[in-house]
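Beneath this line is the structure, given in structure tokens, with notes to follow.
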Amino acid sequence: MDYQGAIALATRGSARVCGLQTKVGGFDIGLQFDALRVKMSANHDSVLFGFETVQDMVHKFVFLGDDRNLVQVYVKGRCVKNLVC
């Protein structure tokens, strides 16, 4: 599975399986705002080299990132984790 497939399964795919596609799963107007803010340099395995594209960064996070990379977590529009200084 490539990183695009993993993201699709983790977002819209999961919402569809749970019957929640009209409430969550994307950034469409009318859906609940659930999101992660990621900092790649927070985890040694996901350090950037400086030449990565946005797609490269997302790919690296999907396969190498973990909770140490999460700077902010939003659930239903409310920030439930905030490590931003």
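Observations
- Taken over the range 22-31, the criterion of being farther than 19 Å from residue 9 by Cβ and open to solvent by 90 Å² or more (accessible area, probe 1.4 Å) is satisfied by 29 alone.
Matching residues to (1) free of Cβ contacts under 8 Å to residues at least 12 places away in the same chain; (2) open to solvent by 60 Å² or more (accessible area, probe 1.4 Å):
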{"site": "33", "(1), (2)": "no, yes"}
{"site": "36", "(1), (2)": "no, yes"}
{"site": "40", "(1), (2)": "no, no"}
{"site": "47", "(1), (2)": "yes, no"}
{"site": "61", "(1), (2)": "no, no"}
{"site": "64", "(1), (2)": "no, yes"}
{"site": "67", "(1), (2)": "yes, yes"}
{"site": "73", "(1), (2)": "no, no"}
{"site": "77", "(1), (2)": "no, no"}
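- Among the residues of the range 39-72, the ones that are closer than 16 Å to residue 6 by Cβ and touching a helix residue (DSSP H, G or I) at 6+ places or on another chain (Cβ under 9 Å) come to 13 in all.
- The lone exception for residue 57 - which of (1) among the aliphatic types (A, V, I, L, M); (2) over 24 Å from residue 84 (Cβ atoms); (3) open to solvent by less than 80 Å² (accessible area, probe 1.4 Å) it fails: (2)
- Criterion applied to 10, 6 was being under 12 Å from the mean Cα position of the chain (by Cα), part of a helix (DSSP H, G or I) and in contact (Cβ under 8 Å) with a residue 12 or more places away in the chain, and the one residue passing it is 6.
- The conditions of being open to solvent by less than 100 Å² (accessible area, probe 1.4 Å) and touching a Lys or Arg at 6+ places or on another chain (Cβ under 6 Å) are not met by residue 19.
The values are calculated or read from the model by the stated rules, or taken from the named source; none is laboratory data. It should be emphasised that the depicted structure is a prediction, and the values quoted were computed from it without experimental measurement. When we count neighbours, we look across all protein chains shown, and the Cβ atoms used for this are built from the backbone with ideal geometry, even at glycine. Just so you know, the surface numbers come from the protein's heavy atoms only, side chains and all, with ligands and any DNA or RNA stripped out. Shrake-Rupley method; radii C 1.70, N 1.55, O 1.52, S 1.80 Å.
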